[in-house]
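Heads up: the structure comes next, in structure tokens.
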Amino acid sequence: SDVFVVAPVTEDMSTTLGTEFTLHQSCDMADPLRWLQRNGDRIRYVLTDGHLGLPNTYLAALPVLELISCNGVGYDAIDTDAAVRRGVMVTHTPHVLNEEVASTAVLLYLSCYRNWEAQMAQARTGRWETDGGLPLARSADGRTVGILGLGRIGMAIARKLEAFGCTIRYTARSRKDASYAFHVDLVDLAKSVDALICVVPGGTATRHMVNAEVIAALGPEGVLINVGRGSVVDETALAAALQEDRLGWAGLDVFEDEPRIPRALRTHPRTILTPHIGSATLETRAAMGQLAVENLMLHKRCGQVKTPVPECSPLL
Ligand code: NDP
């Protein structure tokens, strides 16, 4: 069987896949769409990631496609409605990255409160010796923290923050079986917490959920963390609030137009920014890769998959 590979794969993944599949890597192609228009009629499998997804022009050039395996848990870059309409299965990599992404969120949270980037620069540049210490930071311990999206990763964040003595509140589409306080309304949640951590999926339903009103509700001491998708936060409203001192800090791993980050956010002293590295460790990427490969293998051998996206569960 042939696999069209959209996103780069690790050596381990290509070795394992190579035993059962012929791989066609789009990064080796001058014009991947042209290649697909010529060869797409023999491609039953696609391997991609949550960032690159599968453009609809590619999907249209794949008449016998059976499975899109996404090496990532977020799959908003894949048109699942179009896939379901065609009976194409979509799989992703839930669970195996929960702890890593939660640790990334906690790192951003701690770095904001403790002014960590500036403190490190003070030591590294020698300014400690010439200018002395910086003003005192704020404590990250014992805060009330709101979680927008108490799903798999949101729960892992909540558990980690409990170790810092934090009180957790949350919102989601539905109330969870958890001891944390549930808020139906996001503005109401933002008003009642010191920091808000966003970890909802992207897509139209969550676009700009964190708008000027939510940011205003967090207030001038408030901390906003986003490890979900950049589209969830209105970056223009966020930059304005930081510039006018209407928000305390922002810690962001994801951005609206990656890899571009607005200059206002890049240059602001009260932002902590990372380049979408929520799950980016050798261990976690290996576990994700293995799951993405397992879904392909299982489907080829017996038409089953391990981790379908919820929209595709009925296809099983
Ligand atoms: P889950 O599906 O387990 O959790 C998602 C949560 O978001 C659920 O609580 C869900 O509520 C809530 N939610 C979804 N849609 C809405 C909505 N419209 N309004 C309010 N709440 C909503 O996903 P994961 O925890 O596994 O992953 C979450 C996201 O994190 C991924 O989709 C991805 O975008 C992002 N991510 C980012 C990474 C990074 O590198 N920065 C790495 C991995 C993931 P309910 O349960 O009630 O439906």
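List of remarks:
- Extreme residue, nearest to the ligand (Cβ to nearest atom), among residues of segment 31-80 that are assigned to a helix (DSSP H, G or I) and open to solvent by 60 Å² or more (accessible area, probe 1.4 Å): N56
- Residue in segment 269-289 that is in contact with a helix residue (DSSP H, G or I) (Cβ under 8 Å, 6 or more places away or on another chain), within 24 Å of A121 (Cβ to Cβ) and part of a helix (DSSP H, G or I) present: no
- Check on L189, in contact with a His (Cβ under 6 Å, 6 or more places away or on another chain) and either of a type in the set (V, I, T) or modelled with pLDDT of 95 or more (or both): yes
- Residue match in segment 120-142 (condition: over 20 Å from G219 (Cβ atoms) and within 11 Å of the ligand (Cβ to nearest atom)): no
- Condition met for G202 (surrounded by fewer than 24 Cβ atoms within 10 Å (Cβ to Cβ) and more than 16 Å from the ligand (Cβ to nearest atom)): no
- Tally, over segment 91-107, of residues that are surrounded by fewer than 24 Cβ atoms within 10 Å (Cβ to Cβ) and more than 12 Å from the ligand (Cβ to nearest atom): 1
- Just one of the listed residues (A216, A212, A241) is surrounded by 18 or more Cβ atoms within 10 Å (Cβ to Cβ) and either over 25 Å from S103 (Cβ atoms) or among the acidic types (D, E) (or both), namely A241.
- Taking (1) without any contact (Cβ under 8 Å) to a residue 40 or more places away in the chain; (2) farther than 20 Å from R229 by Cα; (3) of a type in the set (A, V, I, L, M) in turn, A158 satisfies each apart from (2).
- Among the conditions (1) outside any helix (DSSP H, G or I); (2) under 30 Å from R44 (Cβ atoms), A83 misses just one, which is (1).
The values are calculated or read from the model by the stated rules, or taken from the named source; none is laboratory data. Just so it is clear, the structure is predicted and the values come from calculations on it, not from any experiment. Cβ: placed from backbone, ideal geometry, glycine included. Neighbour counts: every protein chain shown. Accessible surface areas use protein heavy atoms only, side chains included; no ligands, DNA or RNA. Shrake-Rupley method; radii C 1.70, N 1.55, O 1.52, S 1.80 Å.
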